[in-house]
Amino acid sequence: MVLPVKRRKGLTVDDYERGIMQGDRAILAQAITLIESNLPAHKETAQNLLTRLLPKTGRSIRIGITGVPGAGKSTLIESLGNMLCQLGYRVAVLAIDPSSTRTKGSILGDKTRMDSLSKNPNAFIRPSASGGNLGGIARKTREAMLLCEAACYDVILVETVGVGQSEVTVRSMVDFFLLVLITGAGDELQGMKKGVVELADAIVVNKADGDNKMKAANVKTEFNRILHFLEPATPGWISQANTCSALNGEGLEDIWSMIRSFRQNTISSGYFHERRKKQKLDWIYSMVEEHLRASFYKNAEVLLCTPEIEKSVEKGSLTATNAAVKLLEIFENSTSPTKSSREEVERTNEHSL
Ligand code: GDP
């Protein structure tokens, strides 16, 4: 049941929880908007909601998909998504596109391209969060993924393009990582120089149709040779290259059956859950690091002293190590009043008990 728009404005955590559990896509979309919000009150509600839903998360297979613009990612997601819906799965599509923040235009587009999938009642498509840096977008996507899992989506597809570290970020939140390639796009362009191939559990050479079929098969053979020499992205799993045509659907069943055997394989080896556990812990520290980095670079006293310190390093009168020590000392000393004000608050609370 979709609640009237007016009522949805004042949804409580209970309303969100109920709506999500009932598979209401409009409420799920609103809950994602809530976790994307930077307003402190929204942040608190969002964390309360996530805490409630956590026991209902984790049951999907999380698949990352990357490739250069034009490789056919959206066409592939649409075809694969429709095929999976037909097989009875519920499919959620999320995206990580840091370009949307920087340029206000997004490389992945607004996903209106996945027209037929978006109309499928068993699919849910959400464009990339914008605003903030890659870390912020990644946090929002991870939390959106949890909401989708609580809403009983069995397959979560996270799409990205190679902007900055976005592939590494997506790899750090998914079980299976798929690299979509095309023939004739050049090694550098397709991320080979950046080591994206090493992150992939599978490569698929798309557009293997018409005149391009033979060329795609050759590229596949070449990549299978390269993969043979690389350290596997997932221990115990040999990454493979395949061909497909997202346009006519050829090869999609093979991709899905490969993902299923990957899942079975890694679950029985124990690596599936080990990776998920590690991903959760890594996520904590990436947020801590991000917070520390941001507070350092925004710190007024650090900003004030930086030009002088940089000048001394440039002139050669201060070593880089001592410059770093100095800046960190300035930062630590300037943040201590925050600590004491926190202690002050805690003391006040104690006294008022
Ligand atoms: P994305 O930027 O990676 O999401 O790429 P799109 O899915 O938007 O596809 C880019 C272009 O390639 C579109 O014109 C698609 O119709 C076309 N395309 C995608 N997959 C195939 C395919 O399997 N075969 C052929 N011939 N064209 C394809």
LYS215: which aspartates and glutamates have alpha carbons under 16 Å from its alpha carbon, excluding same-chain residues fewer than 8 sequence positions away? ASP187, GLU250
For the chain, set up a GNM with springs between Cα atoms under 10 Å and report which of GLY184, GLY249, GLY58 has the largest fluctuation. GLY184
Links exceeding 24 Å between C-alpha atoms in this model, out of LYS56/LYS140; LYS56/LYS119; LYS73/LYS119; LYS56/LYS280; LYS73/LYS278; LYS140/LYS278, come to LYS56/LYS119; LYS73/LYS278
Compute the separation of the alpha-carbon centres of the range 74-99 and the range 206-256 and state it in Å as a whole number. 19
Run lengths n ≥ 4 of DSSP H only: what is the helix-derived mean residue ellipticity at 222 nm for the chain, with -39500 (n - 2.57) per run over all residues, to the nearest 500? -18500 deg cm²/dmol
Let a ≥ b ≥ c be the square roots of the eigenvalues of the Cα gyration tensor of the chain; is it rounded (a/c under 1.5), or, if not, prolate (a/b larger than b/c) or oblate? oblate
How would you classify the range 30-96 from its alpha-carbon gyration tensor, with a ≥ b ≥ c the square roots of the eigenvalues: rounded for a/c under 1.5, else prolate if a/b is greater than b/c, otherwise oblate? oblate
Among 21-29, 173-181, the order from most to least packed when residues are scored by Cβ within 10 Å on average: 173-181, 21-29
Choose one answer from LYS207, LYS73, LYS119: the residue with the largest mean-square fluctuation in a GNM of the chain with alpha-carbon springs under 10 Å. LYS119
Would you mind telling me which residue in LEU281, LEU94, LEU157 has the biggest mean-square fluctuation in a Gaussian network model of the chain, where springs connect alpha carbons within a distance under 10 angstrom? LEU281
Collect residues whose amide H, placed 1.01 Å from N in the peptide plane, falls under 5 Å from the amide H of GLY162; neighbours closer than 5 in sequence don't count. GLY67
For Cα pairs less than 8 Å apart in space and 6+ apart in sequence, what is the mean separation divided by the residue count of the chain, i.e. the relative contact order in percent? 15
Give me the net charge for the shell around SER286: Cβ to Cβ below 14 angstrom, other residues only, Lys and Arg +1, Asp and Glu -1. +3
About the Cα centre, and with charges only on the beta carbon of Lys, Arg (+1) and Asp, Glu (-1), how big is the dipole of the chain? Nearest 20 debye, please. 680
Length-normalised contact order for the range 227-311 - Cα pairs under 8 Å, 6+ apart - percent: 15
From the square roots a ≥ b ≥ c of the eigenvalues of the alpha-carbon gyration tensor of the range 174-284, which class results: rounded (a/c under 1.5), prolate (a/b over b/c), or oblate? prolate
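Read-outs throughout are calculated quantities, based only on the coordinates presented, and are distinct from any laboratory measurement. The shown structure was predicted, so the numbers you read here are calculated from the model rather than taken from an experiment. Positions of Cβ are backbone-derived with ideal geometry, glycine not excepted, and every protein chain shown enters the neighbour counts.
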